[in-house]
Amino acid sequence: MKLDIFNHLFPEKFYHRMLQVAPNGKDMHKRVREIPCIVNLKERFRIMDQFGPDYAQVICLPSPPIEVFGPPAVTNELARLANDGLAELVRRYPKRFPAFVASLPMNDPKGLLREARRAINDLGAVGVQVFTNVLGSPLTGPETLPLFELMAKLDRPIWMHPARGAEIPDYRSEKKSHYEIWWTFGWPYETSVAMAHIVFAGLFDRFPNLKIITHHMGGMVPYFEGRVGPGWDQLGKRTSDVDYTKLLRKLKRRPIDYFRMFYADTALFGALEATKCGLKFFGADHVMFASDAPFDPEKGSMYTRTTIEIVDRLDVSPEERYKIYEGNARRLLKLA
């Protein structure tokens, strides 16, 4: 079976409420509204049928993060609508959508924990989705840090999706990012930064059971193995105002060893060599098949098709290919 673990879909009630709350959304919000199958199930199923009866999708909301839509009263409402809607789709179409990933009101410290428990315990969510920052603050801040402890306790994975917009400039002299650099290079950077904060906050030491799935094969990390490895073995050598050597001694492992503890998906938009690099870094036990449908030039089919072609071309054993396509997902998501 090809179990696609990172796909985006709007439940209909959530979609209409979102348009009421933010009718003129820009950038990524504009992008997601232009794809019919992101909400139209008939079109969604037509595309999925191209990949045979053994293809299924784990579904979650697309960008933007729920917390950008307003204060906690609004985001709690939207999170409930999203999770109720996704859970209903799983109940109605279990062969198409065997599982869903919950969304959380990340700007409400109490509400996000409450909704995570409700979604997992009451609705059957297999985990939660977070973005790489919360309105510009790190995921490891005191307001959101308890989520990691809860997910480790529940033994459910966290899906981590990049978030960055054009409002973050690439140069200090600019007012915005140009040429969609904020997406092309900014998103992999965002993912890598969030991973680094999790590593150096010592979360894997505090919560050994913590499982985090990084979108797009771990951002930049596999391709900067030398900097993450021998480079960060020298943490503190480049800094004058903070003694990071104390932090380095406090960690139980080398920094690079923690980065290999993350899980990564194959959503690399048809890049074979990047997939090989990521697989070599994380290993077959920590890589999972995902296409990031439906964000491709064909509005739903291209990334799935090219990602399947790449996974089928990888020089791996049948057992390793099984792990990538479904075995690792079944284990982490606790799917029969």
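The values are calculated or read from the model by the stated rules, or taken from the named source; none is laboratory data. Predicted model only: the values in this text are computed from it and were never measured. Cβ coordinates were reconstructed from backbone atoms using ideal geometry, including for glycine residues, and neighbour counts include every protein chain displayed. Protein only, heavy atoms only, side chains kept; ligands, DNA and RNA dropped before computing areas. Shrake-Rupley method; radii C 1.70, N 1.55, O 1.52, S 1.80 Å.
A few remarks follow.
- The residues packed around residue 202, meaning those with a beta-carbon under 9 Å from its beta-carbon, carry a net charge of +2 if Lys and Arg are +1 and Asp and Glu are -1.
- For the chain, built as a Gaussian network whose Cα springs stay under 10 Å, the top-fluctuating residue of 226, 202, 283: 226
- Only helical runs count toward this figure. For the chain, summing -39,500 (n - 2.57) over DSSP H runs of n ≥ 4 and dividing by all residues gives -11000 deg cm²/dmol at 222 nm.
- Distant-in-sequence amide contacts of residue 212, defined by a placed amide H-H separation under 5 Å and a gap of 5 or more residues or a different chain, comprise 158, 263.
- Rounded to the nearest 20, the Cβ-based charge dipole of the chain about its Cα centre (Lys and Arg +1, Asp and Glu -1) stands at 580 debye.
- Environment charge of residue 281, counting only residues whose C-beta is closer than 11 Å and scoring Lys/Arg +1, Asp/Glu -1: +2
- Violating pairs (Cα-Cα greater than 22 angstrom) within the set 250/323; 276/323; 211/323: 250/323
- Solvent-accessible area per residue in segment 276-327 equals 43 Å², computed with a 1.4 angstrom probe and all protein chains kept.
- Amide H within-cut-off set for residue 131, under 5 Å, with H built and near neighbours excluded: 161
- Value of D in µm² per second that Stokes-Einstein yields for segment 205-336, Kirkwood Rh from Cα pairs, at 10 °C (1.306 mPa s): 98
- In terms of its C-alpha gyration tensor, segment 292-336 comes out oblate, because a/c is 1.5 or above while a/b does not outweigh b/c.
- Residue 265 sits among other residues whose Cβ lies under 12 Å from its own Cβ, and their net charge, with Lys and Arg +1 and Asp and Glu -1, is -2.
- Per residue, in Å², the accessible surface of segment 180-241 once ligands and nucleic acids are set aside, probe 1.4 Å: 47
- Fraction of accessible area attributable to carbon and sulfur, the chain (%, probe 1.4 Å): 53
- Annotation: Cα Rg of the chain relative to the compact-globule expectation 2.2 N^0.38 Å equals 0.96.
- Rolling a 1.4 Å probe over the heavy atoms of the protein chains gives segment 1-108 an accessible area of 41 Å² per residue.
- Debye log10 I(q)/I(0) at q = 0.11 Å⁻¹ for segment 34-142, Cα point scatterers: -0.38
- Cα gyration tensor, segment 161-216 - rounded (a/c under 1.5), prolate or oblate: prolate
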